[in-house]
Amino acid sequence: MNLLTRIATILSFLGHYPAYILAYIIETLIVIIFATVVVAGMVYFFRKYMARVQMRIGPNRVGKFGILQVMADGLKLIQKESIMPQGRDDLPYKVAPLIIFIALIMGFIFIPYGPLAWLGTLTVTHSDVSLVILFALIAIMPIGELLSGIVSNNKYAVLGSLRGVAKDVSFEVPMMLSVLAIVMMASARNASPLDLNGIVQAQNIPFAILEPLGFFVFLISMAARASYSPFDMGESDSELVTGNTTEYSGLRFGMFYLGLFGTIFLGSMILSTLYLGGYNGPFVNYVGFIWLLIKTLVIVVISLTIWLSMPRVRIDKFVSFGWKYLLPISFINLVLTGFLVLGGIS
Amino acid sequence: MIEVKEVEEPKRIPILGSIGGMYTVFKHLFQKPVTVQYPEEKENQGDRFRFRIYLSTDDCVGCTLCEQVCPNLTITMVSLDKENPRNKRKIYPSVNFGTCTVCRNCEEICPTDAIYLKDVFETARTKNSFFYSPTDLEKNEDEVRR
């Protein structure tokens, strides 16, 4: 039993096909609402965590414990006038934030959420190639970043987007190689190793223990993908105003902002799915979803700690780090994984 | 001939330093925040903190010493119609808090301890109303017209 059939049984008085169509729509809506709430929650959690680490209190005026602060900020961004630069390329300028935001929200559809009590498994899409689709969606995001920079007729924005793309190019190859190692490991146990659900079920031992090098590479890659502090060359707020988002204001800026925090959460979720065993844990049939959330939260805290403790890396240093260290490390990881798979240890 | 000693740089393990920094950041999560939510809660001031000038018109003898010792003409003597056998000229100090630097010279020099300072510091007022007449100086802060 999963969430879809559960909703369809409730709606079964409508007839078979209408019930299923409606159930699909409702399930998608649930995921979109979940993604939005989680992204807003990430903003609140980040602000609170940063404040406590810096021995401040953080937002505490709007609502109890400042919970409504994110909503107040969102309302402010919606009300603001959207100022657009002269000489922009109009269509890409307006499409760029949408690309990032929609790719992010769609990414949430492919995560295997695992079962939760009476509802059954919450996984939305049961695809044999969900891993491929997920990483294709993640690979769309840099296009939004690049577009937003080069069309807004601003030299800071161009420099920011060029830096961002240089960063993206240098970490995505190692990231995909470490994912390849995951697929190799999963294929030894499971018939469909490109399915995220199959990868989770293949992890009797979490893959983070079997291939720590891959875990390390993937953690750094996800940090670079979300582009927060050690890797925020695209933004570089101390030298390039705010990089590629310089000319954006109002709701379009809000989309970039939510995109940043959403990518942290989505990256942590992918990391815990691929390396920490996803929804696996004690009483998996009842609280699998909770296990996934707990693992994700731990990764989120680690990510935010990385964010708050490190200064920005210079772009050439990161590019050389990506090509000279991350890439060989991920190749070594690939070879070691091959030995593990051949030896039957996985 | 001077020998140049070569100092060996300490060998560093690349990631360990970063993890140390992360641990230092994470450690502060469990410490108490230092922020004071001002209007609702107030931090304790020091015992010797003083700000607002008070005047007891019964004790004032009108000797004008406080006016003379005031470094920036904050205190000026004004006449006040009040029966006080010790103050025959009927002049009392008035204070312009816009220029007061809280040097406490007036308190120190006053022969009868008529001028004294208290730790009241919430004296925010509207523009051009920093002038306190002698009767204002006798009252508490919330009784003075703002």
Check A:Leu177 against each of (1) part of a helix (DSSP H, G or I); (2) under 29 Å from A:Asp237 (Cβ atoms) and name the one condition it does not meet.
(2)
Matching residues in the range A:277-320 - criterion: being of a type in the set (Phe, Trp, Tyr) and surrounded by 19 or more Cβ atoms within 10 Å (Cβ to Cβ):
A:Tyr279, A:Phe289, A:Trp291, A:Trp307, A:Phe318
Could you please find all residues in the range B:30-57 being surrounded by 13 or more Cβ atoms within 10 Å (Cβ to Cβ) and within 13 Å of chain A (Cβ to nearest Cβ)?
B:Pro33, B:Thr35
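Taking the range A:119-134, which residues are assigned to a helix (DSSP H, G or I), touching a helix residue (DSSP H, G or I) at 6+ places or on another chain (Cβ under 8 Å) and surrounded by fewer than 17 Cβ atoms within 10 Å (Cβ to Cβ)? Before you say what the answer is, go through the steps one by one.
Of the range A:119-134, the ones assigned to a helix (DSSP H, G or I) are A:119, A:130-134.
The next check asks that each one be touching a helix residue (DSSP H, G or I) at 6+ places or on another chain (Cβ under 8 Å); those that pass are A:119, A:130-131, A:133-134.
Residue satisfying the conditions is A:Leu119 alone.
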Would you mind telling me which numbered condition in (1) within 14 Å of another protein chain (Cβ to nearest Cβ); (2) touching a helix residue (DSSP H, G or I) at 6+ places or on another chain (Cβ under 6 Å); (3) not small (Gly, Ala, Ser) B:Ile75 fails?
(1)
Restricting attention to the range A:303-321, and to residues there that are more than 14 Å from chain B (Cβ to nearest Cβ) and charged (D, E, K, R), which single residue is farthest from A:Pro230 (Cα to Cα)?
A:Asp316
Considering the range A:224-276 alone, what residues qualify as being crowded, with 22+ Cβ neighbours inside 10 Å and of a type in the set (Val, Ile, Thr)?
A:Thr245, A:Thr246, A:Thr263, A:Ile264, A:Ile270, A:Thr273
Looking across the range A:12-33 at residues that are buried (at least 17 other Cβ atoms within 10 Å of the Cβ) and hydrophobic (A, V, I, L, M, F, W, C), the single one that is farthest from the other protein chains (Cβ to nearest Cβ) is A:Ala19
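Can you go through A:Leu276, A:Leu266, A:Leu260 and tell me which one is assigned to a loop (DSSP other than H, G, I, E, B) and not aromatic (Phe, Trp, Tyr)? Outline the logic, then answer.
Details: A:Leu266 fails: assigned to a loop (DSSP other than H, G, I, E, B); A:Leu260 fails: assigned to a loop (DSSP other than H, G, I, E, B).
Going through A:Leu276, A:Leu266, A:Leu260 in turn, just one is assigned to a loop (DSSP other than H, G, I, E, B) and not aromatic (Phe, Trp, Tyr): A:Leu276.
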Selection from the range A:203-223 of residues that are assigned to a loop (DSSP other than H, G, I, E, B) and surrounded by fewer than 22 Cβ atoms within 10 Å (Cβ to Cβ)
A:Asn204, A:Ile205, A:Pro206
Within the set of pairs 6 or more residues apart or between chains, which connect a residue that is without any contact (Cβ under 8 Å) to a residue 24 or more places away in the chain inside the range A:25-39 to a residue that is assigned to a helix (DSSP H, G or I) with Cβ atoms less than 7 Å apart?
A:Ile26/A:Ile7
When the residues of the range B:69-111 are filtered to those that are polar (S, T, N, Q), touching a residue at least 24 places away in the same chain (Cβ under 8 Å) and surrounded by fewer than 13 Cβ atoms within 10 Å (Cβ to Cβ), which remaining residue is farthest from B:Phe49 (Cα to Cα)?
B:Asn72
Failed criterion for A:Glu235 (all others in (1) more than 14 Å from every other protein chain (Cβ to nearest Cβ); (2) in a helix (DSSP H, G or I); (3) farther than 21 Å from A:Ala202 by Cβ hold)
(2)
Answer with yes or no whether B:Gly20 is within 14 Å of chain A (Cβ to nearest Cβ) and surrounded by fewer than 16 Cβ atoms within 10 Å (Cβ to Cβ).
yes
If B:Val25 satisfies all but one of (1) away from every other protein chain (no Cβ under 14 Å); (2) crowded, with 17+ Cβ neighbours inside 10 Å, what's the number of the condition it fails?
(1)
In the range B:114-143, the residues that are out of contact with any Phe, Trp or Tyr (no Cβ under 7 Å at 6 or more places or on another chain), part of a loop (DSSP other than H, G, I, E, B) and not hydroxyl-bearing (Ser, Thr, Tyr)
B:Ala114, B:Glu122, B:Ala124, B:Arg125, B:Lys127, B:Asn128, B:Lys139, B:Asn140
Picked from the range A:43-96 (must be more than 27 Å from the chain's Cα centre (by Cα) and either among the β-branched types (Val, Ile, Thr) or outside any loop (DSSP other than H, G, I, E, B) (or both)), the residue nearest to the other protein chains (Cβ to nearest Cβ) is A:Ile57
Tally the residues that are farther than 21 Å from A:Val151 by Cβ and within 13 Å of the chain's Cα centre (by Cα), restricting the search to the range A:221-256.
7
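Bear in mind these aren't lab numbers, they're just calculated from the coordinates by the rules spelled out. The structure displayed is predicted, hence computed values, not measured ones. Counting neighbours? That spans all protein chains shown, and the Cβs are built from the backbone with ideal geometry, glycine included.
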